[in-house]
Amino acid sequence: MSGITDRFDAAFAALPLVAILRGVRPDEVEAIATGLYESGFRLIEVPLNSPQALDSIARLARRLPADAVMGAGTVLSMTAADQVRDAGGQLVVMPHADVRVVRHVKAQGLLCVPGAATPTEAFACVEAGADAVKLFPAELLTPQVVKAMRAVLPRDLRLLPVGGITPEGMAPYRQAGASGFGLGGALYAPGMTATQVAERARAFVSAWRG
């Protein structure tokens, strides 16, 4: 377990931005993910409601360097988590705070980032063993709300707002205590080329490091 946790820590330290490739196809995922990696990204998720998502995850498991941490988003059940594991994924990202799934994922030796929208949900996820908590939807959870949650949650808990995040919109959340972000439509949308995604990725990296 410590090995995969160390890899997550290193990936997070390199760049705490998770690329969410919702809608990506297996025949394009390797080129897009390679461009993201070359732009500095080390955390990549393929939501399970993408076309043939498990195929894409298996391709990334074979293709990406060892310091990349990748897996699936929109994982709703223990069965789905097992499928991600079998495809070679190491990271399970959830939109909800089902602690049964969190405990199951951790028992499989995988990384788990469940979704929470309230302190109650976030504390439950921490108790279940979550490696970080996805604050979702960020459109609802303003920086003021994140600041209030940050004040009561464990100081070392990684909080990742997800939903509508843009390069320009990160700063207020960082000031409120966000540890990183999950990036969706402002980074990748179906139909974009690998070159276009890499260009957007560099904008996010610049905004984070600037």
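The values are calculated or read from the model by the stated rules, or taken from the named source; none is laboratory data. All values reported here derive from a predicted model rather than from experimental measurement. A quick note on method: Cβ atoms are made from the backbone with ideal geometry, for glycine too, and the neighbour counts reach across all protein chains shown. Please note that ligands, DNA and RNA were not included when accessible areas were found on the heavy atoms of the full protein model with its side chains. Shrake-Rupley method; radii C 1.70, N 1.55, O 1.52, S 1.80 Å.
Observations on the model:
- Each residue, Glu38 and Arg62, gets one label point 7 Å from its Cα in the Cβ direction; the gap between the two is 2.1 nm.
- Cα pair count fraction exceeding 21 Å, expressed as % - the range 98-210: 41 percent
- Surface exposure of the chain, expressed per residue as accessible area with a 1.4 Å probe, stands at 42 Å².
- Distance from the C-alpha centroid of the range 52-84 to that of the range 122-150: 23 Å, rounded to the whole angstrom.
- The Cα atoms of the range 1-147 define a convex hull whose projected area, averaged across directions, is 8.3 nm².
- The range 3-17 - phi-based ³J(HN,Hα) in whole Hz, Karplus 6.51/-1.76/1.60, Gly and Pro as x: x, 6, 5, 4, 5, 5, 4, 5, 5, 5, 5, 5, 6, x, 10
- Stretch gain in nm, segment Ala31-Thr193, where the contour uses 0.36 nm per residue and the Cα spacing is subtracted: 57.4 nm
- Per-residue [θ]222 nm for the chain (sum of -39500 (n - 2.57) over DSSP H runs n ≥ 4, rounded to 500): -14500 deg cm²/dmol
- Surface share of carbon and sulfur [accessible, 1.4 angstrom probe, percent] for the chain: 53 percent
- Where labels lie 7 Å past Cα in the beta-carbon direction, separation of Asn49 and Arg100 in nm: 2.1 nm
- Convex hull volume of the range 69-136 per residue (C-alpha atoms, cubic angstrom): 65 Å³
- Per DSSP, loop GluC sites (Glu not before Pro) in the range 112-154 with at most 12 further Cβ within 10 Å: Glu139
- Spin-label model distance (nm) - Thr166 vs Thr79, 7 Å beyond Cα toward Cβ: 4.1 nm
- Packing, taken as the mean count of other beta carbons within 10 Å per residue, orders the peptides 37-47, 66-76, 141-151, 102-112 from highest to lowest as 37-47, 66-76, 102-112, 141-151.
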